[in-house]
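Colleague: Handing you a structure now.
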Amino acid sequence: MKLEDVKKIAILGAGIMGTGIAEVCARAGYEVTFRDISEELVKRAYERIKKSLNRAVEKGKISKEEAEAALSRIKGTTDLKEAVKDADIVIEAVPEIMDLKKKIFKEIDEICPEHTIFASNTSSLMITELASATKRPDKFIGMHWFNPAPVMKLIEVIPGVLTSEETYNLIVELSKKLGKIPIKAKDGPGFFTTRFLAYYLAEAVRLLEEGVAGVKEIDDMVKLGFNWPMGPFELMDFIGLDTTYHILDYIYNETGNPAYKPPLLLKKLVTAGFIGHPKQKPGSRGGFYEYFKIPRGK
Ligand SMILES: NC(=O)c1ccc[n+]([C@@H]2O[C@H](COP(=O)([O-])OP(=O)(O)OC[C@H]3O[C@@H](n4cnc5c(N)ncnc54)[C@H](O)[C@@H]3O)[C@@H](O)[C@H]2O)c1
């Protein structure tokens with residue numbers, strides 16, 4: 001398949017990342033169908049995309065007509081078959097759990113046409129293992145976007161052991177067409193970006209546990225001292241504490257490197273329902289800021 005043959009993109013999972021990816025693809029002119037597991041989540045995702053498009057109009061990034069046209073190209077459904085049956089590319093953005101992702105890929109492998117390429121937005125799970133759930137490992141690749149997807153420029157492209165050159169080239173070309181900058185990374189737990197980031201996030205939680213400084217103090221030190229746009233706790237609230245936990249757990253189990261051992265405080269918060277910023281995660285009690293009752297703001 002050539003880039004010009006790609007007409008329809010299906011997105012699986014319409015949470016923080018899936019909605020952003022759907023928006024970017026529709027803005028680039030693709031027909032997009034996204035799938036989530038309940039009508040309520042589908043409706044919520046659609047509203048989230050609509051709001052984000054309106055914000056882009058307000059900021060003068062796109063015209064009102066472009067936003068309306070992009071929205072008209074997006075459909076949401078709970079029906080998996082409906083979402084993927086005629087997709088040229090499927091981008092998967094469901095929770096960071098190996099068994100869940102493998103189950104979904106196995107299922108869609110039976111439904112999708114032979115030419116369909118499967119791209120996973122996983123942050124850390126090995127692409128070669130995910131691909132092993134399908135009969136098309138040559139058409140399987142990691143396409144790791146960054147949050148928020150409509151804003152962040154990088155896409156980390158990760159070929160698995162059996163990914164074909166053709167699949168790799170197509171995803172690189174697609175990423176460029178979507179206005180992104182693709183950079184190749186080797187397959188392995190966390191690839192490059194997540195191995196790098198997760199290390200620092202886990203250390204921030206450990207420093208908090210040891211009482212070296214508080215949540216707000218650590219965030220402020222990182223922003224003021226290193227000029228990073230967000231502190232580690234703000235970032236974890238934004239990424240999702242559940243996603244951060246799954247990533248650390250996976251990298252730790254695969255590598256045995258204690259730097260990635262999920263801190264107990266993180267596990268405690270996730271199991272108590274503090275899975276991230278309430279605006280980002282439906283049903284969340286909040287993130288670090290809500291748990292420690294710290295007002296958000298500059
Ligand atoms: N949050 C980030 O900053 C970030 C950045 C890059 C990559 N990622 C990766 O993207 C993926 C999704 O993360 P997210 O932050 O969007 O998570 P999220 O929790 O916001 O969204 C996941 C969505 O998938 C849905 N879902 C669950 N099972 C499903 C199924 N069987 N079919 C379809 N949808 C299903 C959930 O209902 C939810 O809406 C993960 O692999 C994560 O590691 C996350």
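Colleague: With respect to the numbered conditions (1) farther than 17 Å from Lys177 by Cα; (2) within 16 Å of the ligand (Cβ to nearest atom), which one is the sole condition not fulfilled by Cys25?
Modeller: Evaluating Cys25 over (1) farther than 17 Å from Lys177 by Cα; (2) within 16 Å of the ligand (Cβ to nearest atom) leaves (1) as the failure.
Colleague: Any idea how many residues of segment 281-296 are within 16 Å of the ligand (Cβ to nearest atom) and among the charged types (D, E, K, R)?
Modeller: Result for segment 281-296: 2.
Colleague: Please specify each residue of segment 100-116 satisfying the condition of being more than 9 Å from the ligand (Cβ to nearest atom) and in contact (Cβ under 8 Å) with a residue 12 or more places away in the chain.
Modeller: Those that are more than 9 Å from the ligand (Cβ to nearest atom) and in contact (Cβ under 8 Å) with a residue 12 or more places away in the chain: Lys102, Phe105, Lys106, Ile108, Asp109, Ile111, Cys112, Pro113, Glu114, His115, Thr116.
Colleague: Would you point out which residue out of Lys64, Lys7 is within 24 Å of Phe105 (Cα to Cα), surrounded by fewer than 24 Cβ atoms within 10 Å (Cβ to Cβ) and more than 15 Å from the ligand (Cβ to nearest atom)?
Modeller: From the options Lys64, Lys7, the qualifying one is Lys7.
Colleague: State all residues of segment 201-228 that are under 24 Å from Thr122 (Cβ atoms) and not hydrophobic (A, V, I, L, M, F, W, C); if no residue qualifies, say none.
Modeller: Answer for segment 201-228, where residues must be under 24 Å from Thr122 (Cβ atoms) and not hydrophobic (A, V, I, L, M, F, W, C): just Glu203.
Colleague: Turning to a different aspect of this structure: Conditions first: (1) surrounded by 14 or more Cβ atoms within 10 Å (Cβ to Cβ); (2) part of a helix (DSSP H, G or I). Gly190 passes all but one, so which condition is the exception?
Modeller: Answer for Gly190: the failing condition is (2).
Colleague: Before we move on, is Asp88 of a type in the set (D, E, K, R), assigned by TED's automatic domain parsing to the domain that holds Trp145, within 24 Å of Lys135 (Cβ to Cβ) and modelled with pLDDT of 95 or more?
Modeller: yes
Colleague: Residue by residue through segment 43-76, note down the ones that are among the hydrophobic types (A, V, I, L, M, F, W, C) and within 18 Å of Ala149 (Cα to Cα).
Modeller: Ala45, Ile49, Leu53, Ala56, Val57, Ile62, Ala67, Ala70, Leu71, Ile74
Colleague: Return the residues of segment 119-149 that are away from the ligand (no atom under 13 Å from the Cβ), farther than 16 Å from Asn169 by Cβ and not acidic (Asp, Glu); say none if nothing qualifies.
Modeller: Correct list: Thr128, Ala131, Ser132, Ala133, Thr134, Lys135, Arg136, Pro137.
Colleague: Identify, please: which residue in segment 262-273 is under 23 Å from Phe146 (Cα atoms) and surrounded by fewer than 23 Cβ atoms within 10 Å (Cβ to Cβ) and is, among those, farthest from the ligand (Cβ to nearest atom)?
Modeller: Pro262
Colleague: Moving on to the next point. Tell me yes or no: at least one residue of segment 33-47 is under 20 Å from Lys180 (Cα atoms), buried (at least 24 other Cβ atoms within 10 Å of the Cβ) and at pLDDT 95 or above.
Modeller: no
Colleague: List the pairs whose first member sits in segment 44-56 and is among the hydroxyl-bearing types (Ser, Thr, Tyr), whose second member is in a helix (DSSP H, G or I) and surrounded by 20 or more Cβ atoms within 10 Å (Cβ to Cβ), and whose Cβ atoms are under 8 Å apart, counting only residues at least 6 apart or on separate chains?
Modeller: Ser52/Thr19; Ser52/Gly20; Ser52/Glu23
Colleague: Go through the residues of segment 210-233 one by one and say whether even a single one is closer than 23 Å to Thr19 by Cα, surrounded by fewer than 23 Cβ atoms within 10 Å (Cβ to Cβ) and either of a type in the set (D, E, K, R) or away from the ligand (no atom under 16 Å from the Cβ) (or both).
Modeller: No, because not a single residue in segment 210-233 is closer than 23 Å to Thr19 by Cα, surrounded by fewer than 23 Cβ atoms within 10 Å (Cβ to Cβ) and either of a type in the set (D, E, K, R) or away from the ligand (no atom under 16 Å from the Cβ) (or both).
Colleague: Are there any helices (runs of 4 or more DSSP H) wholly within segment 205-298 with 2 or more residues that are on the phi < 0 side of the Ramachandran plot and over 20 Å from the mean Cα position of the chain (by Cα), and if so which?
Modeller: Counting at least 2 such residues, we get 215-226, 241-255, 264-271, 288-291.
The values are calculated or read from the model by the stated rules, or taken from the named source; none is laboratory data. Here the structure is a predicted model, which is why all the values come from computation and not from measurement. No Cβ is skipped: glycine too gets one built from the backbone with ideal geometry, and neighbour counts run over all protein chains shown.
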